[in-house]
Amino acid sequence: LLTISNSLLACCPIEDWHERAVEFLNCQDDHTLGIACSGGADSTFALLLVYAVFPRLRDKMVVLHYNHKLREDSDKDERFVVELAEKLELPHEVGQSVKASKEDEGSLREQRLGFFFKVCERRNASRLIQGHNQDDVAETILWRLSRGSSPRGLCAPRPVHQHGDISLLRPFITIDRAKIREMLSRFKMPWCEDESNDSPEYLRNRIRMN
């Protein structure tokens, strides 16, 4: 995994990351650094690259995963993330929905972030890495336009977003989704595919498909 991480870094050096997010990553070395990982390509890519670039922070990193229990493969995704964290010798924390239920995308996001924030507060983590990419920015603009969002609301996901004492960092919003998958495939790094991303049930998916 270290070889794969370093190979990814050679193809995607830190100079290609979002500068402001990187500035926040270099701050507060004495605090825990949370890394959200669903097991999907984007968050797996983010975890491996942050691991490669910041060896001095490895003893401060904790991998966070939230299992919504909505799919047959949800538990499989959880095992993938746990095994990945263990192979990297990083601590991990997993949250699970008590009851599986079909909910809108916004509600699921709030559940997930709520768990992440609780862990960050308990572990004194001042920064939380998320694996959003360039395509997520375009999709969010279109998604929010359709809902009548204000200009401020259209500026999302931001490279740095403050939630109380926790900084949400998205260093990879300068990199497009296809490049991320191409790089992972080139170095034979697996990831979990969420089939719900192909479902027209969610507005974001319909935007992505069209």
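Ligands, DNA and RNA aside, Lys179 has an accessible area near 80 Å² when probed at 1.4 Å. With label points built 7 Å along Cα→Cβ from the Cα atoms of Asn210 and Asn124, find their separation and express it in nm. The two pseudo-label positions are separated by 5.1 nm. Applying 1/(1 + (r/R0)^6) with r as the Cβ-Cβ distance of Asp165 and Glu110 and R0 = 22 angstrom yields a FRET efficiency of 0.70.
The loop-placed GluC sites (Glu not before Pro) in the range 1-74, going by DSSP, that have at most 13 neighbouring Cβ atoms within 10 Å of their Cβ come out as Glu72. Pairs over the 26 Å Cα-Cα cut-off, from the set Lys118/Lys179; Lys76/Lys188; Lys69/Lys179; Lys118/Lys188; Lys60/Lys179: Lys118/Lys179; Lys69/Lys179; Lys118/Lys188; Lys60/Lys179. Computed from label points 7 Å out along Cα-Cβ, the spacing between Arg58 and Asp176 is 3.4 nm.
Approximating the spin labels as points 7 Å out from Cα along Cα→Cβ, the Val98-to-Leu2 distance works out to 4.3 nm.
The values are calculated or read from the model by the stated rules, or taken from the named source; none is laboratory data. Small disclaimer: the values here were computed from a predicted structure and weren't measured. Note that we place each Cβ from the backbone using ideal geometry, even for glycine, and neighbour counts take in every protein chain shown. In case anyone asks, the SASA skips ligands and DNA or RNA and just uses the protein heavy atoms, side chains included. Shrake-Rupley method; radii C 1.70, N 1.55, O 1.52, S 1.80 Å.
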